[in-house]
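The structure appears right after this line, and notes come after that.
The values are calculated or read from the model by the stated rules, or taken from the named source; none is laboratory data. Model, not experiment: these values are computed from the prediction. Here the Cβ positions follow ideal geometry from the backbone for every residue, glycine too, while neighbour counts run over all protein chains shown. Accessible surface is based on the protein model in full, side chains and every heavy atom, while ligands, DNA and RNA are left aside. Shrake-Rupley method; radii C 1.70, N 1.55, O 1.52, S 1.80 Å.
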Amino acid sequence: MRRGFSFTTPSSRDILIAVMPEKYPFKDIEPKWQQWWEAHGTYRAKDPDQTEAAKYYGLVEFPYPSGEGLHVGHPRSYTAIDIMTRKKRMEGRNVLYPMGWDAFGLPAENFAIKNKKHPSEFTAKNVANFKRQIKLFGTGFDWTREINTTDPGYYRWTQWMFIQFFDSWYDETTNVARPIATLHIPEDIETKGEIAVREYRDSKRLAFKSKTTINWCPKDKIGLANEEAVGGICDRCGGPVEKRVKEQWMLRITAYADRLIDDLAQVDYLEKIKTQQINWIGRSEGALIKFQTTNSKSQIHVFTTRPDTLFGATYMVLAPEHQLVAQWLEDGTITNAKEVKAYQTASKKKTDIERQENKKKTGVQLKGVMAVNPANEKEIPVWIADYVLPDYGTGVIMAVPAHDERDFEFAKKFELEIINVVQDGGKDNPFAGEGTAVNSDFLDGLETKKAKDKMIAWLEKNNIGERKINFKLRDWVFSRQRYWGEPIPMVHCDHCGWVPLNDKDLPLLLPDVENYEPTDTGDSPLAAMTDWVEVKCPICGAEARRETDTMPGWAGSSWYFLRYCDPKNTETFASPEALKYWMPVDLYNGGMEHTTLHLLYSRFWYKFLFDRGFVPASCGPEPYKVRRSHAMILGEGGIKMSKSKGNVVNPDDVIDEYGSDVFRMYEMFIGPYDADAPWSTHGIQGVKRFLDKVWNLGKEQIKNEELRIKNAGGLAASSDVERLLHQTIKKVGEDIDGMHFNTAVSQLMILTNELTGQEINKRDFESYLRILAPFAPHLTEEMWHELGHEDSIHQAPWPAYDPDKIVADVITVAVQVNGKVRGQVQVAVDEQESSVRAQAEAEPNVKKYLEGKTIKKVIYVKGKIMSFVV
Ligand code: ANZ
Ligand code: ZN
């Protein structure tokens, strides 16, 4: 292997090299240092008992190891957080920057179905490829902490955590999850006997079975969470989603809805991330109102955000699939059954989005039943219409056509009564949203907010309604009828109901099956494995059956950041000591596409573990202190990279041609970190030239034999260069902390140009290398060792800048009042106008001329004159 430089007696060849600019020889250098770092454990995080240093935990979302390998978009965030964690390490922090694999998922399963091979085979191959690629990037991950969600040593804990959810209920009075054993059983339930008690407990658990209408993809044969079926379109295949009723495991994330909103105040997330989370949770304040019905004993409950408009409710609308409709069809209350059933069938075929748009208002009145408006005792008709969704609020609305647009259109079409109950006085908008209540008896004259409160008080007093907060957030469907997921560690016994496995029986391994195909009945392939399914009940020993659903793809990623803290622990998912030291995560980077699902799920999961004391209280209630988001790298010309467009840039090719340091540096230089940026061959060549320049600059400095004997305080470079160096140390440091990587790189380019051809002392040259090191770790490591160091540059201290050496040049600005010079002020060259003005106004002589006068006009000629007209 060729050495980068040589301090031995120069041969004629060396002299030649010294005068001819070289290309940065990345092929020799980069693999060498990658191996060296691995052998020396350069990026290994120390366990808390091995260090006194403060920690820094940087995290990037771990990838799903797909068959395609990494995309040039992946290393953008890996490199960004790599740079930040490298700087923290140089600042003396004990850094944890880990990587792993979120490896359960559909592609591996589809591969298994197609090839009749175990999905783990495919997964292992992809993981190896991803790892090879990531190592090429030179990212400083601590590979000794690598995790894989499909590893039984990992999913054992995912299963254990599921059992803890099952073993918990949510105490709303204290707002924490508690062991189910602490749940108070009401007396009337107690007296009903054991089964009633069990059902009561089961109804309160945080993991519970529930019959729900689920989104069913007929093509993938899989139940989807609401968030995977947005707009009625399957997230996986893009096909239409149907509704099906199925018994599924659910996690009660809704119990945490308020805390998931409120605790956002404690964390530093991008504002758009907070907004998306808040909107997804969708908190609405209003009231639950109970309407009596004629010809039926049933009441109709509605959720409304506008209880103040109750006097204007002239009809009601149920979602076609509402349970009351089925009940009334069955008991014969409904007299136009045929028409009603036809409408139900038709609406099943529409997606949620189509239903909400409901361009042509459709609906059918339920003949044979009327509702009674509790405010004025008027009988009002009851309809079904698909603009009312079954899974929001109570699935029923009180229609107030005067103040709700959709109700208005519906009422117009079907000639239903419209009563105006809010008047804002404007004649252009007689149907106001908010304003003063009218035609509303005891509410008349009140503004909306007061009217709402008064109505709610009235409802509560008369026992016909109550204040109610409603959320868009649904409980988390935690069942999949697929093979390649964590088996749910539950057994159903006819005597004991749902029983969790004992700890000693974990992990419950995913058994080998012959056929990976889901069944047409919707059950997972595990259901066909009689031997596996039939077990003895862990409590009573009777014949029982295992759960055959597996966990959803989001399970393993909901707590992986905890496992990195202590990945090899076999006694617990992570020791309290490790958690106390490492948690919370200092910086978490990931895609905006994970804001509403993964981020919400993992915050919920963490809060639950925190409530139950499995995460020490000192870690705090939030897992991530800071959340940032990277943007996309687009194809050349700004179009999204995609296989079909043939514009996908493969990182392997880029590294082969330019090396890792150029690749890393280019990805940081490509544009502001939070903005999408197009890949550019021209751009990467510019960065390549820059690193060649750095290489030659370094070579010259090192060639200078004197450098070796110059001590740190020796010959100083010119003061201009020195100022620029210190300014650069400051700017690069601040830019890294603020994630302005592109401007840090430009500043390094400016400095490199300035240094080229200059004689620099060793100390300054080393400072230069050290601030470059996070961006170009290989090149700088090579030079660092050539300078005689034996330790890694990545463990050398981050250089400090000298504030005295970076003072910007000062200029004098004349201050005029009404055209006459009255004074002058000294300001920095790039001083902001507002600051110059403040200093000018404070100048004692100027102040005399301004006092007691009104400034009519201010003109600033940058760097020259500040002129006031009074
Ligand atoms: C009466 C009313 C009068 C309403 C008025 C609005 C305006 P957000 O803010 O999104 O929570 N609603 C309730 N459940 C529904 C369902 N399942 N499908 C469709 N619409 C439903 O919206 C709450 C409002 O959405 C509720 O308040 C209800 O209409 C409607 F001038 O009740 B409102
Ligand atoms: Zn049993």
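Here are the numbers for the structure shown:
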{"quantity": "Label-to-label distance, nm, for residues given as K378 and I859 (7 Å Cα→Cβ offset)", "calculated": "6.9 nm"}
{"quantity": "For S168, residues with placed amide H under 5 Å, excluding near neighbours", "calculated": "I180, L206, A207"}
{"quantity": "Whether the range 283-471 is rounded, prolate or oblate, judged on the alpha carbon gyration tensor where a/c under 1.5 counts as rounded", "calculated": "prolate"}
{"quantity": "Principal-axis tilt of helix 448-461 within the chain, Cα atoms, nearest 10 degrees", "calculated": "50 degrees"}
{"quantity": "Quarter of Cα convex hull surface for the range 381-481, i.e. mean projection, nm²", "calculated": "9.4 nm²"}
{"quantity": "The chain: angle of helix 106-115 to the longest principal axis, Cα-based, in degrees nearest 10", "calculated": "80 degrees"}
{"quantity": "Segments 692-702, 312-322 sorted - mean Cβ within 10 Å per residue, highest first", "calculated": "312-322, 692-702"}
{"quantity": "Relative contact order [Cα under 8 Å, 6+ residues apart], the chain, whole percent", "calculated": "14 percent"}
{"quantity": "Under Karplus coefficients 6.51, -1.76 and 1.60, residue-wise ³J(HN,Hα) of the range 662-671 in Hz, glycine/proline x", "calculated": "5, 4, 4, 4, 5, 4, 7, 8, 4, x"}
{"quantity": "Packing-based order for 828-837, 561-570, 809-818, using average beta carbon neighbours within 10 Å, highest first", "calculated": "561-570, 809-818, 828-837"}
{"quantity": "Cα-based shape type of the range 15-120, given that a ≥ b ≥ c are square roots of the gyration tensor eigenvalues and the cut on a/c is 1.5", "calculated": "oblate"}
{"quantity": "Convex hull (Cα only) mean projected area of the range 809-869, reported in nm² to one decimal", "calculated": "3.5 nm²"}
{"quantity": "Sequence of D262, D586, D523 from largest to smallest accessible area, 1.4 Å probe", "calculated": "D262, D523, D586"}
{"quantity": "Shape category assigned to the chain from the gyration tensor of Cα positions, a/c cut at 1.5", "calculated": "oblate"}
{"quantity": "Over the chain: helical MRE at 222 nm, DSSP H runs n ≥ 4 each giving -39500 (n - 2.57), nearest 500", "calculated": "-10500 deg cm²/dmol"}
{"quantity": "Kirkwood hydrodynamic radius of the range 684-805, Cα pairs, Å", "calculated": "14.5 Å"}
{"quantity": "Student exercise, the range 757-870 dipole from Lys, Arg, Asp, Glu Cβ charges, in Debye to nearest 20", "calculated": "1520 debye"}
{"quantity": "C-alpha center-to-center spacing [the range 642-657, the range 487-542] in angstrom", "calculated": "44 Å"}
{"quantity": "Residue-wise HN-Hα coupling along the range 841-858, computed from phi with Karplus coefficients 6.51, -1.76, 1.60 (Hz; x: Gly, Pro)", "calculated": "5, 8, 4, x, 5, 4, 3, 4, 7, 9, 4, x, 10, 9, 7, 8, 8, 10"}
{"quantity": "Mean-position separation - Cα centroids, the range 118-171 and the range 191-221, in angstrom", "calculated": "29 Å"}
{"quantity": "Principal-axis tilt of helix 119-136 within the chain, Cα atoms, nearest 10 degrees", "calculated": "30 degrees"}
{"quantity": "Centre separation in Å (Cα based) which lies between the range 730-766 and the range 32-49", "calculated": "26 Å"}
{"quantity": "By average C-beta atoms within 10 angstrom, highest first, the peptides 534-547, 102-115, 207-220", "calculated": "102-115, 207-220, 534-547"}
